[in-house]
Amino acid sequence: MANAASEMEKLGEPTQSYDDFTASLPADECRYAVYDFDFVTAENCQKSSIFFIAWSPDTSRVRSKMINASSKDRFKRELNGIQLELQATDPTEMGLDVIRSRVN
């Protein structure tokens, strides 16, 4: 997880769940996050998709939202392997059901 200043704040462990990941996002501050989602296809193949998530909660300051939005593309270009992008303003917009629907 990183802030708009591109400072790495937290690195999750492979043993942590998606709920652990979403719980680590601050409720009232913008962040960028990358999540490596492992899943099994309908054909029973193990796959992985790397998500870039722009977290901009409704409760964050307007200036923070503006900085987050304007620096997102520059920040994302610095990352390799991003396959899908999500923008979320509340937890329901990045729930596990949303992640699953994006990979199918």
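Measuring nothing but protein heavy atoms, the accessible surface of the chain at 1.4 Å probe radius is 49 percent carbon and sulfur.
Projecting the Cα positions of SER56, ALA27, SER70 onto the charge dipole of segment 21-75 (unit charges on Cβ atoms of Lys, Arg, Asp and Glu, taken about the Cα centre) puts SER70 furthest along the positive direction. For segment 18-82, averaging the sequence separation of C-alpha pairs within contact (under 8 Å, six or more residues apart) and dividing by the residue count gives a relative contact order of 33 percent. Residues MET66, MET94, sorted by accessible area with the largest first, give MET66, MET94 [1.4 Å probe; ligands and nucleic acids excluded]. Its residues counted as N, segment 64-104 yields a C-alpha radius of gyration over 2.2 N^0.38 Å of 1.33. Looking at segment 17-104 alone, DSSP beta bridges between its own residues are antiparallel in about 65 percent of cases. Among the listed values (1) 1.07; (2) 1.16; (3) 1.57, the one matching Cα Rg over 2.2 N^0.38 Å as calculated from this structure is (1).
Structure remark: mean-square fluctuation, Gaussian network model of the chain, C-alpha springs under 10 Å; the largest value among ALA88, ALA23, ALA42 belongs to ALA42. Within the assembled protein chains, the solvent-accessible surface assigned to CYS45 is about 60 Å², based on a 1.4 Å probe. Accessible area per residue for the chain is 65 Å², calculated with a 1.4 Å probe on protein heavy atoms, without ligands, DNA or RNA.
Extension gain, ALA23 to ASP58: 0.36 nm times the residue separation minus the Cα-Cα distance gives 11.0 nm.
The values are calculated or read from the model by the stated rules, or taken from the named source; none is laboratory data. Model, not experiment: these values are computed from the prediction. Cβ sites come from the backbone with ideal geometry, for glycine too, and all protein chains shown count toward neighbours. All accessible areas refer to the heavy atoms of the entire protein, side chains included, with ligands and DNA or RNA removed. Shrake-Rupley method; radii C 1.70, N 1.55, O 1.52, S 1.80 Å.
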